[in-house]
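The values are calculated or read from the model by the stated rules, or taken from the named source; none is laboratory data. Keep in mind that this is a model prediction, so the values were computed, not measured. For neighbour counting, all protein chains shown are included, and Cβ atoms are generated from backbone atoms with ideal geometry for every residue, glycine included. In case anyone asks, the SASA skips ligands and DNA or RNA and just uses the protein heavy atoms, side chains included. Shrake-Rupley method; radii C 1.70, N 1.55, O 1.52, S 1.80 Å.
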Amino acid sequence: MRNQLRFLSLLVLLAAASPAAVIAQPMALTEASELLSHPWVEPPPNRQPEAYFTNLRDGDSRVAPFVLRFGLSMRGIVPAGKTAGRAGHHHLLINQPLPLDFKKPLPFTDQYIHFGKGQMETVINLKPGTYNLNLLLADQGHIPYFVFSRPLRVTITAQDPKLTPAAVLGPRRIEILNLADQQAVKGPFRVQFHASGYNISHRDAGVPDSGHFRLTLERGGRRELLDFRQGQTEVWLNPPRGDYALQLDLVDNTSDRPLASAPPLRLNVSTSAGL
């Protein structure tokens, strides 16, 4: 008992002297465990998990139907009913605020749309009007994580009856969203992956008909392979300066065979790390 009291007293003194050293450091280490372990990989600038929309900004106007795409920082995707680390699946909240109780499962209604197969996008076909949208990550039982987007307001100006979901979605494919071929970038920079018509999952969940992203960077005949087995859909990179060829692939989670490949990109990288 005396030793326990001494230990507790020491913790109190440490917390009083430097609370960040006692509290913030374990949180940072926990979040860092969600990142791919590679010397070129860095956490995002805000160093916090976040869901976000990759093709919509606050105040945008759209003609319905249109495709709404989802992004995710420092977490991975896994379908509903499956557990793998702290991966989860997306939920779209329409004209609904974030829940007050993060210990209750999200309901299944037209205003709480679940993407339990590991999807990264959906077709929105709302009637003309103004809507508030939130994106929220939840676990296998639809209980939300504290991982969500900033609320966005979008105005639907019209509905086009000639547009079908298949027409706006296009063919099945994977893409790098935020970079263009021959682009010059300065490190660290973000690479956003996207899958249309494919489901993403943490590999350890063993979900059939799902895949995970794999990124290859080639420079001067040397290849670096980044395998995003935790279901991650983006990465922040800070490689040495030089010219790179980037190849993004989607790999089947049960057979390791390639499901799809994106067009290769060539980048010229300068870096802030002095490498």
Q. Considering LEU93, LEU100, which residue is out of contact with any strand residue (DSSP E or B) (no Cβ under 9 Å at 6 or more places or on another chain) and more than 21 Å from GLN192 (Cα to Cα)?
A. LEU100
Q: Could you list, in sequence order, all residues of the stretch 242-263 that are without any contact (Cβ under 8 Å) to a residue 40 or more places away in the chain and part of a loop (DSSP other than H, G, I, E, B)?
A: SER255, ASP256, ARG257
Q. Which strands (runs of 3 or more DSSP E) does the stretch 107-207 wholly contain that include 1 or more residues that are within 22 Å of the chain's Cα centre (by Cα) and more than 28 Å from LYS82 (Cα to Cα)?
A. 129-138, 152-159, 183-187, 189-196
Q) Where residues in the stretch 145-165 are open to solvent by 60 Å² or more (accessible area, probe 1.4 Å) and among the β-branched types (Val, Ile, Thr), which of them is modelled with the lowest pLDDT? A) THR164
Q) When you scan the stretch 227-275, how many residues do you find that are at pLDDT below 95 and of a type in the set (Asp, Glu)? A) 1
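State whether the residues of the stretch 189-202 include one that is exposed (fewer than 13 other Cβ atoms within 10 Å of the Cβ), out of contact with any Pro (no Cβ under 8 Å at 6 or more places or on another chain) and of a type outside the set (Lys, Arg).
Restricting attention to the stretch 189-202, the residues satisfying the condition of being exposed (fewer than 13 other Cβ atoms within 10 Å of the Cβ) are none.
For the stretch 189-202, residues exposed (fewer than 13 other Cβ atoms within 10 Å of the Cβ), out of contact with any Pro (no Cβ under 8 Å at 6 or more places or on another chain) and of a type outside the set (Lys, Arg): absent.
Identify, from the list LEU36, LEU68, LEU72, LEU92, the residue that is closer than 30 Å to ARG223 by Cα, part of a strand (DSSP E or B) and within 17 Å of the chain's Cα centre (by Cα). Steps first, answer last, please.
Working: LEU36 fails: part of a strand (DSSP E or B); LEU68 fails: closer than 30 Å to ARG223 by Cα; LEU92 fails: closer than 30 Å to ARG223 by Cα.
Testing whether each residue is closer than 30 Å to ARG223 by Cα, part of a strand (DSSP E or B) and within 17 Å of the chain's Cα centre (by Cα) leaves just LEU72.
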Q: Output the residue which, of all residues in the stretch 94-134 that are open to solvent by 60 Å² or more (accessible area, probe 1.4 Å) and either closer than 22 Å to ALA205 by Cβ or in contact with a helix residue (DSSP H, G or I) (Cβ under 7 Å, 6 or more places away or on another chain) (or both), is modelled with the highest pLDDT.
A: LYS117
Q: Write out, first by first residue and then by second, each pair whose Cβ atoms fall under 6 Å of each other, whose residues are 6+ apart or on separate chains, and whose first residue, in the stretch 132-146, is closer than 12 Å to PHE102 by Cα while the second is open to solvent by 30 Å² or more (accessible area, probe 1.4 Å) and of a type in the set (Phe, Trp, Tyr).
A: LEU136/PHE148; LEU137/TYR145; PRO144/PHE102
Q: Six or more apart or on different chains, Cβ under 9 Å: which pairs go from a residue in the stretch 103-126 that's farther than 17 Å from PHE66 by Cβ and free of Cβ contacts under 8 Å to residues at least 60 places away in the same chain to one that's among the β-branched types (Val, Ile, Thr) and open to solvent by 40 Å² or more (accessible area, probe 1.4 Å)? Could you list them?
A: LYS103/ILE143; LYS104/ILE143; PRO105/ILE143; LEU106/ILE143
Q | Members of the stretch 37-68 found to be under 24 Å from PRO171 (Cα atoms) and either of a type in the set (Val, Ile, Thr) or open to solvent by 40 Å² or more (accessible area, probe 1.4 Å) (or both), listed by number | A | THR54, ASN55, ARG62, VAL63, VAL67
Q) In the stretch 203-248, what count of residues is obtained for those that are among the hydrophobic types (A, V, I, L, M, F, W, C), open to solvent by less than 10 Å² (accessible area, probe 1.4 Å) and touching a Gly at 6+ places or on another chain (Cβ under 8 Å)? A) 2
